[in-house]
Amino acid sequence: MSTQWFYMASGWIRKARRIGPISEADLLNRIDKGQIDPGTLVQSSKTRNKWIPMNKVGPAMERWRRSHPEESDKKTARQ
């Protein structure tokens, strides 16, 4: 069985709301679309059910770098 993920999304009515559960494939798809970025809080059994920023999840961050190379270049240039 695949890991179920949750993430915090900002809405225009409420500041944040929990979305999920979603599959890993859906999580990666949302990363590709920019709905989940490095600062988005995520949670699953892989994070020991703790909320952590997506940038602390190695495979998710690698996917974000591949999907958003222009953003990765900007962050590298600022450092």
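Every number here is computed from the coordinates shown, using simple stated rules; none is lab data. Because the structure is predicted, anything quoted here is derived from the model rather than measured. No Cβ is skipped: glycine too gets one built from the backbone with ideal geometry, and neighbour counts run over all protein chains shown.
Of I52, G34, T3, whose Cα points farthest to the positive end of the dipole of the chain (charges on the beta-carbon: +1 Lys, Arg; -1 Asp, Glu; origin at the Cα centre)?
The residue sitting most towards the positive pole is I52.
Which angle between 0 and 90 degrees, to the nearest 10, do you get for helix 69-78 versus the longest principal axis of the chain when only C-alpha atoms count?
The answer is roughly 60 degrees.
Helix-derived [θ] at 222 nm for the chain: sum -39500 (n - 2.57) over DSSP H runs of at least 4, divide by residue count, nearest 500?
-11000 deg cm²/dmol, from helical runs alone.
To the nearest 20 debye, what is the magnitude of the charge dipole of the chain about its Cα centre, counting +1 on the Cβ of each Lys and Arg and -1 on the Cβ of each Asp and Glu?
380 debye
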